[in-house]
Amino acid sequence: MSSVVSTTSKRRRRGRVEPMFYYFLVPALVLFTLCITVPALMGIYYSFTDSIGFGEYNFVGLNNYAVLFSDPAIVKSYLFTIGVSLLTVILVNVIALFLAIGLTSQIKMRTALRTIFVLPMVVSGIIISFVFQFIFANTVPAAAANMHLPFLQESILADPKLAWLAIVLVTTWQAVPSAMLIYIAALVTIPNDVYEASALDGAHSPQQLMRITLPMISGYVLINVILGFKGFLSMYDIIVGLTNGGPGTSTRSVAMTIFTGFDTGDYAYQMANSTIFFIITLAIALIQLRVSRGKAQF
């Protein structure tokens, strides 16, 4: 009987939440609600009005949403953002995977090289963009002039057809380290015995990559793709530092379109735009959550 009572009391103690838990949870929950949840709900509310951000306003129902899908500027910003995000995701994952394979192989100074490759991840995006803006606008044209390369003497940032390329390159340069770290964590979980056995069977490095490495880290690849795509959809600081959305509006992303609209009196209209954008990113986040939960099965 005493053993039953002791077991029951132990279960109660295990199920009881320590007060210290609430001391940490409640302040964070209050701040999150006041700074994130309440403004988001207010934004959704104003998306059904004609508000310019202050003063009186009227309810217009779904008019903002109806105009949104037929606005060429909005459609162009979504197409640009999605296109750049898809291309950047591909480049980031390909480069990061091969770097991870190299940095997990038996080479000298692996630790030092990993540190060097991770450095771009810890630098602010706006700082990186200003540095590369100087390189693309001054260094590259000057070097091309000295080398008599006419096609590089004009800055690609001033070309509406090529400015997006600079954004892809800089974003890729900054995003590769985080994806590389995930791939390194995945590769170290693969036993060396698998590669040794395949080598005895005559498998070469490309065959090992396609038939062993990629299938065994496919879950990590999917997580990297989803994380990267979701992050690139909201790109803003690098675009501001490199092109500021130009030339014209050729490199204006969805996030930049939303923020620019706030300054031009389109507050309610851009709130509708941000609501649609929020739904898209939320759907991607839910997919990411489901993939992350199933990661242990990969």
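The values are calculated or read from the model by the stated rules, or taken from the named source; none is laboratory data. Every value quoted in this text rests on a predicted model; they were computed, and no experiment measured them. Here Cβ is always computed from backbone atoms with ideal geometry, including for glycine, and neighbour counts include all displayed protein chains.
Which residue out of Ala185, Ala166, Ala143, Ala175 is surrounded by 13 or more Cβ atoms within 10 Å (Cβ to Cβ), under 20 Å from the mean Cα position of the chain (by Cα) and either part of a loop (DSSP other than H, G, I, E, B) or free of Cβ contacts under 8 Å to residues at least 40 places away in the same chain (or both)? Give the steps one after another, and end with the answer.
Values: Ala166 fails: either part of a loop (DSSP other than H, G, I, E, B) or free of Cβ contacts under 8 Å to residues at least 40 places away in the same chain (or both); Ala143 fails: under 20 Å from the mean Cα position of the chain (by Cα); Ala175 fails: either part of a loop (DSSP other than H, G, I, E, B) or free of Cβ contacts under 8 Å to residues at least 40 places away in the same chain (or both).
So the residue among Ala185, Ala166, Ala143, Ala175 that is surrounded by 13 or more Cβ atoms within 10 Å (Cβ to Cβ), under 20 Å from the mean Cα position of the chain (by Cα) and either part of a loop (DSSP other than H, G, I, E, B) or free of Cβ contacts under 8 Å to residues at least 40 places away in the same chain (or both) is Ala185.
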Next item on the list: Could you pull out the residue among Val92, Val30 that is among the aliphatic types (A, V, I, L, M), modelled with pLDDT of 85 or more and surrounded by fewer than 12 Cβ atoms within 10 Å (Cβ to Cβ)?
Entry: Val30
Check: So, of the residues in the stretch 146-155 that are within 33 Å of the chain's Cα centre (by Cα) and not in a helix (DSSP H, G or I), which turns out to be nearest to Leu242 (Cα to Cα)?
Finding: Ser155
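Got a sec? Which of Ser129, Ser105 is farther than 21 Å from Gly261 by Cβ, more than 26 Å from the chain's Cα centre (by Cα) and hydroxyl-bearing (Ser, Thr, Tyr)?
Values: Ser129 fails: more than 26 Å from the chain's Cα centre (by Cα).
Matching residue, one of Ser129, Ser105: Ser105.
Yes/no matrix, rows are residues, columns are (1) within 21 Å of Asp237 (Cβ to Cβ); (2) touching a strand residue (DSSP E or B) at 6+ places or on another chain (Cβ under 7 Å); (3) hydrophobic (A, V, I, L, M, F, W, C):
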site	(1), (2), (3)
Ile107	no, no, yes
Pro120	yes, no, no
Phe130	yes, no, yes
Gln133	yes, no, no
Ala143	no, no, yes
Asn146	no, no, no
